[in-house]
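The values are calculated or read from the model by the stated rules, or taken from the named source; none is laboratory data. This one's a predicted model, so the numbers in the text were calculated from it and none came from an experiment. Positions of Cβ are backbone-derived with ideal geometry, glycine not excepted, and every protein chain shown enters the neighbour counts. Calculation scope for accessible area: heavy atoms of the full protein, side chains included, ligands and nucleic acids excluded. Shrake-Rupley method; radii C 1.70, N 1.55, O 1.52, S 1.80 Å.
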Amino acid sequence: MKITLVAGARPNFMKIAPIIHAIKKITQETDHQIEYRLVHTGQHYDEKLSKYFFDDLNIPHPDANLEVGSGSHAVQTAKIMIAFEQELLNHPCDYLLVVGDVNSTMACTLVAKKMQIKVIHVEAGLRSYDMRMPEEINRMVTDSIADIFFTTTPEAGYKLIKMGCDPANIHLVGNVMIDSLCSNLKKLQQPPVWKTLDLSDKSYYLMTLHRPSNVDEEKSLQELIQLLGEQAKGKPVVFPAHPRTQKQLQAIGKLPDNIYMVEPLRYLEFIYLVKHAAAVLTDSGGIQEETTYLGVPCLTLRENTERPETITMGTNELIGIEPQNIINAFSVLNNNTWKKGNVPLLWDGHTAERLIFQLLKIDAQSCS
Ligand code: UD1
């Protein structure tokens, strides 16, 4: 069985790493033959968004880097498609495996499908139903043409069935990103900012903001940051900023005194800060899951989430960016009455192995 694995942007790397490790383990320990080829589209190219993740997560160097870089959605998607078609012509495979919801996920799915290659979508069935988010469009397009769906929760499976997927093609395996978290918990590294700011357990907030809806409009970003700085009430807010957010912040000028912007962190450093934070303030998708696993309060600065289990079961709350909602959430935090959460079923660090064994079964059935 030949599989091409695609990773393109930061949130893909921690999902692809455990899949590669599982393939290696299963081919070493059993008679199963799986050949894989790792393709990096180059959607993210800064060392801090890409290379360091490969190093930290022990991912082998990609077999190909398409080096597409940045551009408008149309330009980036088109460049990935053109380069990936050539990649598949040069290196045919039985399956394409894509993860998550970034532009690379959708672009490579479209190319492979038209070349009659079976597409496996890992983390299928997530929906925010917010078509203003490019990721929602990527998820919907990918799920509408993929062949095999690996899901993180039962809810994701129901959503796929509702859109017409055959239940036989949906497999609840758990969360590969939590595999990465589990396998790296003992290797976490204290980032330099810990000493610089004299941080200690639960003495600070950690913040990430990169959604276009939050950062692209200068005035609303400034108001949001001002309010978050005030509500933190003197606690430091460590803010590793994505390149697009950094650009916007330069236009804004001075940040509140207790907000400390730093460069994007390496995976092992970032999770270290998540684990010890009093709470995380974020508009990311994956961080909602990581905080749920670690039991850290998470204030999601968005109006919706494609990961509702992090709210119904976990430590996450949708706060949005309405000032009163933010003030109320901080008052719960300050009273030490933030809810305690549970970890969803099968988020146990063994998802990638379940996934590969299931794939081998599917492949054997299709050959018989
Ligand atoms: C992408 C994903 C988003 C994910 C995020 C995580 C899509 C549609 N979005 O958003 O779901 O949460 O990654 O980081 O795929 N840039 C750099 N260096 C880089 C990459 C980007 O400076 O290595 C800058 C460029 O100015 C670029 C901008 O960031 O124009 C946006 O990058 P892009 O890849 O288009 O999307 P992200 O915002 O990173």
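Whether any residue in the range 11-30 is assigned by TED's automatic domain parsing to the domain that holds residue 97, in contact (Cβ under 8 Å) with a residue 60 or more places away in the chain and in a loop (DSSP other than H, G, I, E, B) is what I want to check. No, there is no match, as no residue in the range 11-30 is assigned by TED's automatic domain parsing to the domain that holds residue 97, in contact (Cβ under 8 Å) with a residue 60 or more places away in the chain and in a loop (DSSP other than H, G, I, E, B).
Could you check the range 204-268 for helices (runs of 4 or more DSSP H) lying wholly inside it with 3 or more residues that are outside the structural domain of residue 44 (by TED's automatic domain parsing) and within 16 Å of the ligand (Cβ to nearest atom)? Please lay out each step first, then the result.
Values: elements: 212-215, 218-231, 243-252.
Ranges flagged: 212-215, 243-252.
Residues in the range 321-368 that are open to solvent by 20 Å² or more (accessible area, probe 1.4 Å), under 26 Å from residue 298 (Cα atoms), part of a loop (DSSP other than H, G, I, E, B) and not charged (D, E, K, R): 321, 335, 336, 337, 338, 341, 342, 343, 345, 346, 349, 350.
Residues of the range 1-48 that are open to solvent by less than 10 Å² (accessible area, probe 1.4 Å) and polar (S, T, N, Q): 4, 12, 41. When the range 69-105 is limited to residues that are without any contact (Cβ under 8 Å) to a residue 40 or more places away in the chain and closer than 21 Å to residue 46 by Cβ, the one that is farthest from the ligand (Cβ to nearest atom) turns out to be 79. The selection criterion, being touching a Gly at 6+ places or on another chain (Cβ under 6 Å) and surrounded by fewer than 21 Cβ atoms within 10 Å (Cβ to Cβ), does not hold for residue 263.
Among the candidates 52, 45, single out the residue that is of a type in the set (Phe, Trp, Tyr), within 16 Å of the ligand (Cβ to nearest atom), out of contact with any helix residue (DSSP H, G or I) (no Cβ under 8 Å at 6 or more places or on another chain) and within 30 Å of residue 191 (Cα to Cα).
When all the criteria are applied, what remains is 45.
Of all residues in the range 127-166, those being farther than 25 Å from residue 73 by Cα, free of Cβ contacts under 8 Å to residues at least 60 places away in the same chain, β-branched (Val, Ile, Thr) and crowded, with 21+ Cβ neighbours inside 10 Å number 1.
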